[in-house]
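Below is one structure, written out as structure tokens; comments come after it.
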Amino acid sequence: MEKKTSTKTDSKEPKCNLRFESVKIDSVYDILDGISWLDEPSIKDIAQFSGIDPRTAGKAIKNCVQIGLIKEVTKDFYSLTVAYPFKGSMEQKKAVLRESVFKMPLMVNLRQFLKLGDKLDDAIRKAATVQKVQNYDKTSIDPLIKWATQLKALSLEMAYEDFVEEGIKQKEIRHKETKSNKVVFLSHSSKDKPFIRQLAADLTNENVLVWLDEQQINVGDSINEKISQGLAESDYFIVALSDNSVNSEWVKRELNSALITEIESKKVKILPIKLSDCEFPPLIKDKKYADFTKSYKAGLTELIKSIK
């Protein structure tokens, strides 16, 4: 009797090259808290700081990288790419995540197809095709859609400008209710992180809410988009000037008249702080600054006095 031979393939079906992990959205805020405070931490560092297990941390970090909230500086070490309110309210933290999800190219295309009348499943598939997602598998993208739905980032009525307007509105409400509470946007070089973390802790102790922003602007990025949410809510744009920051591409390229006009148009005062003897950028050379070069305590006192 002739035996029938069955042919088996060793090759597995190729996987979708865009995959979001199924993880609760609340864990993301713990992750962002850790990365904002630590200096290019590993997954293990972030998990320990946040008090969550490394596997969950790894999943949340993977999602945040794909959303554009954080980046892998070197293999398995991370930093934030957006301004973040470390000790801010849950609503402020949620707004950061919402804005980042809203601005994802995949989400932009998805909303476009929804506006054209497509059903959600069809819109997702078409958006993934536009973004050249290979071996499309809806289940791989479902966790992102779940996050976007929870964050209301699929709203067809929203526009990018709404995030800025909402920030300004929140500032106006805060000024009416509690004029003494101030918010500062603290821009600095990652190389000055130890100093900045101490300063953030001391300002927080004085009831000043700090948005932390490392100068992570890449060539081609719009700084106004990168800092929109935190800047709109802030009363002061504090730029930490040192040998590290004034020699950075961020200061050379971005601290220009257009940026200064944008900052001041939102009724945000620019307040330089001097961390070391260095040459100030020409456009802010004449602005009042707090001097930390001789005494940290004296510089802090001067800064708090200017803020309050």
Checklist entry - Which one of the conditions (1) aliphatic (A, V, I, L, M); (2) part of a loop (DSSP other than H, G, I, E, B); (3) within 21 Å of Glu91 (Cα to Cα) does Val183 fail to meet, given that it meets all the rest? => result (2)
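Test Lys75 against the stated conditions and say whether it is within 30 Å of Met158 (Cα to Cα), of a type in the set (D, E, K, R), without any contact (Cβ under 8 Å) to a residue 60 or more places away in the chain and surrounded by fewer than 18 Cβ atoms within 10 Å (Cβ to Cβ). I'd like the intermediate steps shown before the answer.
Details: within 30 Å of Met158 (Cα to Cα): no; of a type in the set (D, E, K, R): yes; without any contact (Cβ under 8 Å) to a residue 60 or more places away in the chain: yes; surrounded by fewer than 18 Cβ atoms within 10 Å (Cβ to Cβ): yes.
No; evaluated as a whole, the condition is false for this residue.
Here is a check on your reading of the model: is Lys62 in contact with a helix residue (DSSP H, G or I) (Cβ under 8 Å, 6 or more places away or on another chain) and either basic (Lys, Arg) or not in a helix (DSSP H, G or I) (or both)?
Values: in contact with a helix residue (DSSP H, G or I) (Cβ under 8 Å, 6 or more places away or on another chain): no; either basic (Lys, Arg) or not in a helix (DSSP H, G or I) (or both): yes.
Considered against the rule, which asks whether it is in contact with a helix residue (DSSP H, G or I) (Cβ under 8 Å, 6 or more places away or on another chain) and either basic (Lys, Arg) or not in a helix (DSSP H, G or I) (or both), Lys62 comes out as no.
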Next on the checklist: I need the full set of residues from region 49-66 which are surrounded by fewer than 21 Cβ atoms within 10 Å (Cβ to Cβ) and touching a Lys or Arg at 6+ places or on another chain (Cβ under 9 Å), in order please.
Outcome noted: Pro54, Thr56, Lys62, Val65, Gln66
Item to check | region 30-59, residues that are in contact with a helix residue (DSSP H, G or I) (Cβ under 8 Å, 6 or more places away or on another chain) and small (Gly, Ala, Ser) | outcome: Gly34, Ala47, Ser50, Gly51, Ala57, Gly58
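I want to confirm something. Restricting to region 11-47 and keeping residues that are farther than 24 Å from Asp192 by Cβ and assigned to a helix (DSSP H, G or I), which single residue is farthest from the chain's Cα centre (by Cα)?
So in region 11-47, the residues farther than 24 Å from Asp192 by Cβ come out as 11-30, 43-44, 47.
After this cut, where a residue has to be assigned to a helix (DSSP H, G or I) as well, the list is 26-30, 43-44, 47.
On the way: Asp26: 16, Ser27: 16, Val28: 12, Tyr29: 11, Asp30: 14, Ile43: 18, Lys44: 21, Ala47: 19 Å.
Within region 11-47, the match that is farthest from the chain's Cα centre (by Cα) is Lys44.
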Checklist entry - Of everything in region 78-110 that's farther than 23 Å from Ile196 by Cβ and among the β-branched types (Val, Ile, Thr), which residue is surrounded by the fewest Cβ atoms within 10 Å (Cβ to Cβ)? => result Val108
Checklist outcome for this item: Filtering region 261-296 for residues that are at pLDDT 85 or above, within 17 Å of Tyr236 (Cα to Cα) and not in a loop (DSSP other than H, G, I, E, B) leaves a count of 8
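Any idea which of Glu161, Glu172 is at pLDDT below 85, in a helix (DSSP H, G or I) and farther than 24 Å from Tyr296 by Cα?
On the way: Glu172 fails: at pLDDT below 85.
Within the list Glu161, Glu172, the selection yields Glu161.
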Item to check | Filter pass, Ala258 being small (Gly, Ala, Ser) and modelled with pLDDT of 65 or more | outcome: no
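The values are calculated or read from the model by the stated rules, or taken from the named source; none is laboratory data. Keep in mind that what you see is a predicted model, and the values were worked out from it rather than measured. So basically every Cβ, Gly included, is an ideal-geometry build from the backbone, and we count neighbours across all protein chains shown.
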